[in-house]
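To start, the structure under review is shown below, and the notes come after it.
The values are calculated or read from the model by the stated rules, or taken from the named source; none is laboratory data. No experiment lies behind these values; they were computed from the predicted model shown. Please note: Cβ atoms are built from the backbone with ideal geometry, for glycine as well, and neighbour counts cover all protein chains shown. In case anyone asks, the SASA skips ligands and DNA or RNA and just uses the protein heavy atoms, side chains included. Shrake-Rupley method; radii C 1.70, N 1.55, O 1.52, S 1.80 Å.
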Amino acid sequence: MIKNLVNGPEIPMGFGMALAQNAQALEAFSRLSDLQQQQIIDGTHEIESKQQMQAYVQQLADGTLHTF
């Protein structure tokens, strides 16, 4: 069962919207530890456009976006 991550207050709105549109990315994000999720969220702060956010989320879905 996927946690309700998209509506959480700690999820930036643009990231949450992009996750909601990409079920594979949402599932991948939900499997991450809290620390890994926070690292992914922190990475969103440098994103400046909807297209960049969608590409970022797609990397998450593809398994090519890595956490430290």
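Points worth noting:
- Among 21-28, 54-61, the order from most to least packed when residues are scored by Cβ within 10 Å on average: 54-61, 21-28
- With 0.36 nm allotted per residue and the present C-alpha distance subtracted, the Ile41-His66 stretch has 7.8 nm of extension available.
- Projected onto their three principal axes, the Cα atoms of the chain cover extents of 30, 24, 19 Å, largest first.
- Average accessible surface for the chain: 67 Å² per residue, computed with a 1.4 Å probe over protein heavy atoms with every protein chain in place.
- Environment charge of Gln39, counting only residues whose C-beta is closer than 15 Å and scoring Lys/Arg +1, Asp/Glu -1: -3
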